[in-house]
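The next block holds one structure in the form of structure tokens; read it before the comments.
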Amino acid sequence: MVSLIPDEMLKEELAPLSITIPNLLNSIDFYEEGVYANDCSRDWWCPWPIERVDVPQQSNQGDCGMFVLKYIELLSAEISLATCTTQNMPFFRLKLAAEILRGDAYMP
């Protein structure tokens, strides 16, 4: 819920990750030679920018987990987040339960 964490606090809390993730990617040779994160001109990595994007928000205190799961599912499939609404969460919960029971859900 965006209203719970001010932008400045979010940036402060995520700052270590904005440095660590590109550094790790560089360490495993993720970037092509001569191509650096964020068009950085240095010989290694640059911190990633931190920005809050406009995404659908939950309207209650209990749907945060389902929202995160749906964001991951939809973003990884390059599908719009428009269906992520509080009204759709009961359906998404039932769908996930059915996938788990059928063995179709990813279970590590």
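Bear in mind these aren't lab numbers, they're just calculated from the coordinates by the rules spelled out. All figures in this text were calculated on a predicted structure; none of them were measured in a lab. Here Cβ is always computed from backbone atoms with ideal geometry, including for glycine, and neighbour counts include all displayed protein chains.
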field: Members of segment 52-81 that are hydrophobic (A, V, I, L, M, F, W, C), loosely packed, with under 10 Cβ neighbours inside 10 Å and either within 21 Å of ASP7 (Cβ to Cβ) or more than 13 Å from the chain's Cα centre (by Cα) (or both)
entry: VAL53
- line: Across (1) surrounded by 11 or more Cβ atoms within 10 Å (Cβ to Cβ); (2) more than 19 Å from the chain's Cα centre (by Cα), GLY103 clears everything bar (1)
Near pairs, Cβ below 8 angstrom, 6+ apart or cross-chain, from segment 50-70 (free of Cβ contacts under 8 Å to residues at least 24 places away in the same chain) to any residue that is assigned to a helix (DSSP H, G or I) and surrounded by 15 or more Cβ atoms within 10 Å (Cβ to Cβ): PHE67/MET89; LYS70/LEU81; LYS70/PHE92
